[in-house]
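Just so you know, all these numbers are worked out from the coordinates, no wet-lab data involved. What you are looking at is a predicted structure, and each value in this text was computed from that prediction instead of being measured. We place every Cβ from the backbone using ideal geometry, glycine too, and count neighbours over all the protein chains shown.
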Amino acid sequence: MDVLQLDVSGRPQAWITTREAAVIYACDGVAWTLGEPCQVLRGGWQRVSGRQSRIEVHSIIAVRGTVPSRAWRQAPALSNAKLFARDRYVCAYCGHHCLPEDLTREHIHPTSRGGYDSWMNCITACRPCNGRKGSRLPEEANMSLLYLPYVPSLHEDMILRGRRILADQMEFLLASVPRSSRLHG
Ligand SMILES: [Zn+2]
């Protein structure tokens, strides 16, 4: 299970482990939390009270201090895993739903012809479709896109990066994802 780390204003910053979250709790670095405690970590025995310390880790924590998030200003980094998740593992040309290992990052405007390696120029394609299109533009290959590329928002990027997202984390993130996103589909 991963903990969703926010800054004090509620902007998503990172997925961190419960151990990393516990360190922030122990340093009194948690400003506020959302959701139910999702894990209890036990620490050392306290000499005075004779009790074992315990930390209740919440699934969403806002961390004190202002850590300027560069991610907030930039487009999220592009990766195959996030691209395939954005496009719901569906080939943009034939519409087949595929396993990640059968998918490729397809450049709509080929990089060999000056196309960018960016969210807006990349789409998910199965291997046969990518091979068939080659270094042609979609119209040259007579292959039209079944859906369009877009740049994910920061909240959406956190969803695309998440491994096992808990229901309350998903609810929090989806609330800030534009309705136009495919994640609402
Ligand atoms: Zn295909």
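Here is how the numbers come out for the structure above:
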read-out	value
Helix-only [θ]222 nm of the chain, DSSP H runs n ≥ 4, -39500 (n - 2.57) each, per residue, nearest 500	-6000 deg cm²/dmol
Full-extension gain in nm, R136 to L174, via 0.36 nm per residue minus C-alpha separation	10.1 nm
Mean Cβ neighbour count within 10 Å, used as a protection proxy, ranking 130-138, 7-15, 40-48 highest first	7-15, 130-138, 40-48
Beta bridge orientation in the range 1-140: antiparallel %, DSSP, nearest 5	85
Sequence-distant residues sharing a close amide H with L6 (under 5 Å, placed H)	Q13, I61, A62, V63
